[in-house]
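The values are calculated or read from the model by the stated rules, or taken from the named source; none is laboratory data. Keep in mind it's a predicted model, so treat the numbers as computed, not measured. Glycine gets a Cβ as well: all are built from the backbone with ideal geometry, and neighbour counts include every protein chain shown. SASA here: full protein model, heavy atoms, side chains in, ligands and nucleic acids out. Shrake-Rupley method; radii C 1.70, N 1.55, O 1.52, S 1.80 Å.
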Amino acid sequence: MLPLGLSKSKNNNFYALQTPKNYNMGVSMFEETSNAVAVQTCRNRMIFAVIGFFIAYLIIAIRVFFVCLPHGVKISLPEEELTEREIDIPSPIARADILDRNGALIATSLPTVNLYANPKKIQNAKDAALKLSKLFPEIDYDTIYAKLTKKRSSFSMIKHDLSPAQQAEVNALGIPALEFQNSEKRVYLHNNLFAHVLGHTDMDNIGQSGIEKFMHKRLTQSSKPLKLTLDMGIQDTIHEQLAEAVKKFDAKGAAAILMDVNTGDVLSLVSLPDFNPNIKIPLGEKSLFNFITQATYEPGSVFKTFNTALALESGKIKITDKFDATKPVVVQKRKISDDHPKNSWLTVDEILTYSSNIGSVKMAEKVGKDGQRKFLQNLGFFEKVQDFEIPEMGRPLFQSEKNWAPITVATVSYGHGISVTPLHIITAFSAIVNGGIYHNPTLIKSDTQKVSKRVISEYTSEQMRQMLRNVVLYGTGKKADIAGYEVGGKTGTANKADKGSYAKTRVTNSFISTFPTSDPKYALLVVIDEPQGIKETWGYRTAGWNAVPTSGKIISSVAPQLGLKANFDLEAQRAHIKAVQ
């Protein structure tokens, strides 16, 4: 018996479908078709769901992969394309960071908001002013009320640099007329440490002094960090030593600058007293004064370094020449004597070593006015230091050519009658010891060649280094003779001008030095303003008792930081020389 609906065909070879008499064919076919479509739809949806989950998990896995890598994924691009992309990426901070020579961050900007009001929208100015004065007690009620009631104004600044918490508290007041302005705040990470170099910005983030002012355009037009020549570690060491000296010698202030003599790079610049650029300082405050770049003062015997170089470079005087220093010299009725007279004939070397005013005057007179002026001008002493990146610069004070009298020739030879800044002194001194090349000083780290010129011969420079070393070995610079570092230099004690004459007790002391003298790499100038005599110095206040030992401490501390190895063979040579003498 065949199943329902099947029957044999006429040829009995296969079975054919037969429709039962009581079977509704139309309804059966419709139901089967509907079920098939439903199954297919369900199957398609499951496939799409699986694909969707797969894509989602793939995206999450890729994101986790990128986030977990410590430095992200580096993608190699052609240099041109990479440069273009770097330029096109906008920075959320408008002012670039400032770094030291090693890449340490010393100044940056943080996003913040400013609070301002639209007086036209204020409904109850008294109530709003009362609430704001309670929220910001540093701003009095009357000031806020005046700002909220400005006539014909839709913008009135209330407070700069709100913290997130303060912003939330203002929002909680529910005053529609109070609005926020996106801004940024300049932050100096080391407070006073770089004060006179960096300077500061105002509330609108516009540079007002120092690097911030001089490089304002560069800092606001490029997000690339600005790298300085300064070294944070060395700056900290020198700052600490100077602060200790000011306290020890009860001085009015002190300053120091360390320079690479072969490049003009300034590795440290400190001026005390200083200030914290994170805090608003009133204009005219003494701590804003940068002694290194602004103070024009008579340097005293430090200037004998340049007078001696002038004498040798002129060709009119040899290092073995002797000059009569047995008695004072009189120039235009003015008697000039030595502080520590030797009462003998002195060689050029001895004149510098024993700091003879008489010998210096006689050397200058032999060279003459024209030669002296030309030499000093070539060393940059008649104009501001060129291209230095701090706008606060002092201009030298000196007699005009017409008034450059014989007494001027005489006094300038030992550092009086001309006033220059410490920056002038160390820049010119670097040229004297580095082989004779004058480099413009700089605070900006750069790979480009700096402006330079020859001012003296290599031979004169070599002779000067030998004599400067002798000043430290046998003269007034003995307290800076740091074992192994072959220090050479010159002291200067200058009485301050006071009502047409010179004060007897108020002095500005200096010590300019280089190390090592056999192969000069660095120059250091230390200035101590109005030091007092103390028990340790037997009451003396001259440079040899304060500026010199302070320089010695600085050199012994920073030389290892600079990577200089002490050469103790030099000490054996020095002991041999002393034994022979």
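Things worth noting here:
- Local charge for R454 was computed over the other residues whose Cβ lies under 15 Å away, with Lys and Arg +1 and Asp and Glu -1, and equals 0.
- Residues whose amide H comes within less than 5 Å of that of I444, counting only those at least five positions distant or on another chain, are T229 (H built at 1.01 Å from N in the peptide plane).
- The length gained by stretching the chain between N440 and A165 to full extension, at 0.36 nm per residue less their Cα-Cα distance, is 94.2 nm.
- Sum of side-chain charges, I336 neighbourhood, beta-carbon under 12 Å (Lys, Arg +1; Asp, Glu -1): +2
- Inter-label distance for K342 and K151, nm, one decimal - labels placed 7 Å from Cα along Cα-to-Cβ: 8.2
- Relative contact order [Cα under 8 Å, 6+ residues apart], segment 516-562, whole percent: 29
- Across segment 363-371, computed HN-Hα scalar couplings (Karplus, 6.51 cos²θ - 1.76 cosθ + 1.60, θ = phi - 60°) run 5, 5, 5, 5, 6, x, 4, 4, x Hz from first to last residue, x flagging Gly and Pro.
- Computed from phi, the 3J(HN,Hα) profile of segment 388-394 under the Karplus parametrisation 6.51, -1.76, 1.60 (θ = phi - 60°) reads 7, 8, 10, x, 7, 10, x Hz, with x in place of Gly and Pro.
- Relative to one another, the C-alpha centroids of segment 471-495 and segment 343-414 are positioned 21 Å apart.
- Per residue accessible area in Å² of the chain, where ligands, DNA and RNA are left out and the probe is 1.4 Å: 53
- For Y485, the residues 5 or more places off, or on other chains, whose built amide H falls under 5 Å of its own are N567.
- Between F48 and L105, the modelled labels are 4.9 nm apart [label points 7 Å from Cα along Cα→Cβ].
- Helix 164-173 and the longest principal axis of the C-alpha atoms of the chain enclose an angle of approximately 60°.
- Relative packing of peptides 291-302, 464-475, 325-336, 138-149 - highest average C-beta neighbours within 10 Å first: 291-302, 464-475, 138-149, 325-336
- A simple count of charges around N307, restricted to other residues whose Cβ falls under 12 Å of its Cβ and scoring Lys, Arg +1 and Asp, Glu -1, yields +2.
- Surface composition of segment 236-580: carbon and sulfur atoms hold 50% of the protein heavy-atom accessible area at a 1.4 Å probe.
- Taking the alpha carbon gyration tensor of the chain, multiplying each eigenvalue by 5 and rooting it gives semi-axes of 79, 34, 20 Å, largest first.
- Taking every C-alpha pair closer than 8 Å and separated by at least 6 residues, the mean separation divided by the residue count of segment 105-181 gives a relative contact order of 50 percent.
- Computed extension length for N276-K318: 10.0 nm, one decimal, from 0.36 nm per residue of separation with the Cα-Cα distance subtracted.
- By accessible area, using a 1.4 Å probe on protein heavy atoms only, segment 98-227 has 50% of its surface on carbon and sulfur.
- For T112, the amide hydrogen comes within under 5 Å of the amide hydrogens of S183, E184, K185, counting only partners 5 or more places away or on other chains and with H modelled in the peptide plane.
- Rounded tilt (10° steps) of 232-248 against the dominant C-alpha axis of the chain: 40
- Karplus-based coupling profile of segment 398-406, in residue order and whole Hz: 7, 6, 5, 4, 5, 9, 7, 8, x, with θ = phi - 60° in 6.51 cos²θ - 1.76 cosθ + 1.60 and x standing for Gly or Pro.
- The chain: angle of helix 304-314 to the longest principal axis, Cα-based, in degrees nearest 10: 80
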